[in-house]
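Here is the structure we will look at, set down as C-alpha cells.
The values are calculated or read from the model by the stated rules, or taken from the named source; none is laboratory data. Treat the numbers as computed from the prediction; the structure is a model and nothing was measured. For neighbour counting, all protein chains shown are included, and Cβ atoms are generated from backbone atoms with ideal geometry for every residue, glycine included. Just so you know, the surface numbers come from the protein's heavy atoms only, side chains and all, with ligands and any DNA or RNA stripped out. Shrake-Rupley method; radii C 1.70, N 1.55, O 1.52, S 1.80 Å.
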Amino acid sequence: MLERARDLIHFKRFVTSEFVPSLLYTFKWLVLAIFIGLLVGTASAFFLFGLEWATHFREAHMYMIALLPVGGFMIGWVYYTYGESVVKGNNQLLEEFYNPLTPIPLRMAPLVVFGTIATHLFGGSAGREGTAVQMGGAIADRFTKWFKLGALDRKAVITLGVAAGFASVFGTPLAGAVFALEWLIVGRVRYEAILPAFLGAYVADYACADYWHAHHTPYDIPFIPDLTLVNVLWIIPAGICFGLAARLFSKATQFFGEAFRSTVKYPPLRPVIGGAMVAAVVFLIGTTKYIGLGVPTIVEAFETPLPWYDFLAKTGFTSLTLGAGFKGGEVTPLFYIGATLGNMLSGAIPLPMALLAGMGFVAVFSGATNTPLSCTLMGIELFGAESGVYVGLACVVAYLFSGHSGIYGSQVIGSPKHVSLDRNKGKRLGKL
C-alpha cells in the first residue's frame, strides 16, 4: 500500500510539474506556428511568384540589364531614405537575438522583397534566402507585441520566423528548422526553440507549396555508388575544395562591400557604380548565365559537363552585386557555385558528376553559413537518403575548411571548428 501511494504521488507530480506544462507549451507554440507559418509561407509564395516574373521579364527584355544602374539607384535611395533601420538584413536578426533591444521593424519585409525583385529584374546576381529569412523574422516579431511575449519567447518567435522563411522558400522543412537553430552561434545548436522551429517550418512549407502551389526546382542524382572506403576518402578532397570556395565567396563579398563603403560615401551611388560594372561585364562576355538566380545552370551541372570557370564567374558577379548594395540572398548563388564546382571536379575525382554537383550544392552553402547539420538535411531532402553520407561528410569537411568567418558577419563563435595546443601559453585556442 505504501509503495502504491508513493507511485501515485510521483505520478501526480509528473502530471502537474511536467506533463501539463509540456502540453500547454506545445499548444501555445502550435497556435503561434499556425498563424506565423501561414503568413510567412504565403509571403514566400508571392515572393517566389514575383521573382519568377522578374526573371522571365528580364530574359525576354534584355535591355533591362542596361538599366541595372538605374535599378541600383532606386534600391539604394529607398533603403537610404526609408530603410536605414533595417539595412543590416540577416545580421540584424542575429544581433537582435543576441541583444534584444527594439522590435524588428515590419518594413524590413516589404523593403527586402522590393529590393530583391528589383535586383533580379534589372540583372543583378543574387539569391532569395536572405529575403525569406528577413520576411520571416520581421513578420514573426509582430507577435511578440500582440501576444505580450517575454524575452525568451521572443527569441523563440524570431527563430520560428527564420525557420518558416527558409523552409518555405526552398521547400525543405527539416533543413529550415535546423538552420534556424544552428545559424545563431557557430558550433552550437540552440534547443530552446526546437518545437517552434519545426512546427513553423512545416506549416510555412505547407502554405507555400501545397496551398499556393509555389514551384520548387527538382534536382536528381540518378546514380549513387556504394559506400566503399575509397569512395568515402574521395569525399575529403572534394569537401576541402567546397570549403575553400565558400571562404573565397565570403571574403570576396566582404572585400567589395568594404571597398564601396570606403570609396563611395553616398550609399545610393554604390549600387549605381556596381550595377554599371555588372552590366558592362554581362554585355562584354555576351551571356546572362552568371546573373539572376542561375537555376538553369544549376540543373545543367547535374546533367552535362560545364566550363571549369563557371563557379569563379558566379562568385565574382554575386559578390560584386551584393557588395555594391543590391538586395537578395547568397544561398542560391552558393548552390550555383557548389554545383558547378562539383561538376568541374568530376574530371579529377572518380565519383559521378551528378553526385559531386549535389555534394557541392549543399557543402559550399555549409561552409559559407557555418551550418553543416542543416545543409546535410537539405541534401537528404533534395537528393534522397541514399546520398546522406556523401553530402553529410562533404558538408562537414567544407565547414571545417571554410574558416570561422562566413557570409553572416554578426555570427558569434560558440565553439572553434578545431583547436590546437599553444605550447607557450598552455591554452586551447581556436584557429580563426
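How many residues are open to solvent by less than 20 Å² (accessible area, probe 1.4 Å) and among the β-branched types (Val, Ile, Thr) if we restrict to region 66-85?
Total meeting the criteria: 1.
For a quick check of your reading of the model, give me the residue pairs whose first member lies in region 16-43 and is assigned by TED's automatic domain parsing to the domain that holds VAL169, whose second is among the polar types (S, T, N, Q) and surrounded by 15 or more Cβ atoms within 10 Å (Cβ to Cβ), with beta-carbon atoms closer than 7 Å and at least 6 apart or on different chains.
VAL40/SER168; GLY41/SER168
Among residues belonging to region 333-353 that are in contact (Cβ under 8 Å) with a residue 40 or more places away in the chain and surrounded by fewer than 24 Cβ atoms within 10 Å (Cβ to Cβ), point out the one that is nearest to THR297 (Cα to Cα).
MET353
Would you confirm whether any residue within region 209-220 is touching a residue at least 40 places away in the same chain (Cβ under 8 Å), surrounded by 16 or more Cβ atoms within 10 Å (Cβ to Cβ), under 19 Å from LEU356 (Cβ atoms) and of a type in the set (Gly, Ala, Ser)?
no
Is at least one residue of region 235-244 in contact (Cβ under 8 Å) with a residue 40 or more places away in the chain, out of contact with any strand residue (DSSP E or B) (no Cβ under 9 Å at 6 or more places or on another chain) and over 23 Å from ASN370 (Cβ atoms)?
No; the residues of region 235-244 include none that is in contact (Cβ under 8 Å) with a residue 40 or more places away in the chain, out of contact with any strand residue (DSSP E or B) (no Cβ under 9 Å at 6 or more places or on another chain) and over 23 Å from ASN370 (Cβ atoms).
If I ask for residues that are of a type in the set (Lys, Arg) and within 21 Å of the chain's Cα centre (by Cα), which ones from region 287-334 would you list?
Residues of region 287-334 of a type in the set (Lys, Arg): 289, 314, 327.
Selection gives LYS314, LYS327.
Spot the failing condition for ALA180; the list is (1) of a type in the set (Gly, Ala, Ser); (2) open to solvent by less than 30 Å² (accessible area, probe 1.4 Å); (3) more than 12 Å from the chain's Cα centre (by Cα), and only one is missed.
(3)
Give me the residue from region 80-121 that is assigned to a loop (DSSP other than H, G, I, E, B) and hydrophobic (A, V, I, L, M, F, W, C) and, out of that set, nearest to PRO267 (Cα to Cα).
Of everything passing the filter in region 80-121, VAL87 is nearest to PRO267 (Cα to Cα).
For a quick check of your reading: which helices (runs of 4 or more DSSP H) sit entirely within region 280-394 and have at least 2 residues that are over 18 Å from LEU174 (Cα atoms)?
Working: elements: 295-301, 310-323, 331-345, 353-369, 372-383.
Helices (runs of 4 or more DSSP H) meeting the threshold: 295-301, 310-323, 331-345, 353-369.
Checking the structure you have, find out if any residue of region 29-42 is open to solvent by less than 80 Å² (accessible area, probe 1.4 Å), modelled with pLDDT of 95 or more, over 26 Å from GLU129 (Cβ atoms) and outside any helix (DSSP H, G or I).
no
Kindly check whether there is at least one residue in region 183-191 that is charged (D, E, K, R), surrounded by 21 or more Cβ atoms within 10 Å (Cβ to Cβ) and either outside any loop (DSSP other than H, G, I, E, B) or not assigned by TED's automatic domain parsing to the domain that holds THR371 (or both).
no
Taking region 159-179 only, how many residues are in contact with a Lys or Arg (Cβ under 9 Å, 6 or more places away or on another chain) and of a type in the set (A, V, I, L, M, F, W, C)?
Going through region 159-179 one residue at a time, the tally reaches 2.
Have a look at ALA167, ALA163, ALA140, ALA126 and point out the one that is outside the structural domain of GLY414 (by TED's automatic domain parsing), in a loop (DSSP other than H, G, I, E, B) and open to solvent by less than 10 Å² (accessible area, probe 1.4 Å).
Numbers: ALA167 fails: in a loop (DSSP other than H, G, I, E, B); ALA163 fails: in a loop (DSSP other than H, G, I, E, B); ALA140 fails: in a loop (DSSP other than H, G, I, E, B).
Exactly one residue qualifies, and that residue is ALA126.
With the structure loaded, tell me whether GLY274 is within 17 Å of GLY71 (Cβ to Cβ) and modelled with pLDDT of 95 or more or whether it fails that test.
Spelling it out, GLY274 is indeed within 17 Å of GLY71 (Cβ to Cβ) and modelled with pLDDT of 95 or more.
Of everything in region 141-155, what is out of contact with any Pro (no Cβ under 9 Å at 6 or more places or on another chain) and aliphatic (A, V, I, L, M)? Give them in sequence order.
Matches in region 141-155: LEU149, LEU152.
For ILE75, are the conditions met, namely being touching a Gly at 6+ places or on another chain (Cβ under 8 Å) and over 26 Å from PHE317 (Cα atoms)?
So ILE75 does not fit the description; no.
Select from region 49-60 the residues that are among the hydrophobic types (A, V, I, L, M, F, W, C) and open to solvent by 30 Å² or more (accessible area, probe 1.4 Å) and list them in ascending order.
PHE49, TRP53, PHE57, ALA60
Of the residues PHE11, PHE46, only one is surrounded by fewer than 21 Cβ atoms within 10 Å (Cβ to Cβ) and either within 28 Å of the chain's Cα centre (by Cα) or within 30 Å of ASP205 (Cβ to Cβ) (or both); which?
Every option except PHE46 fails the conditions.
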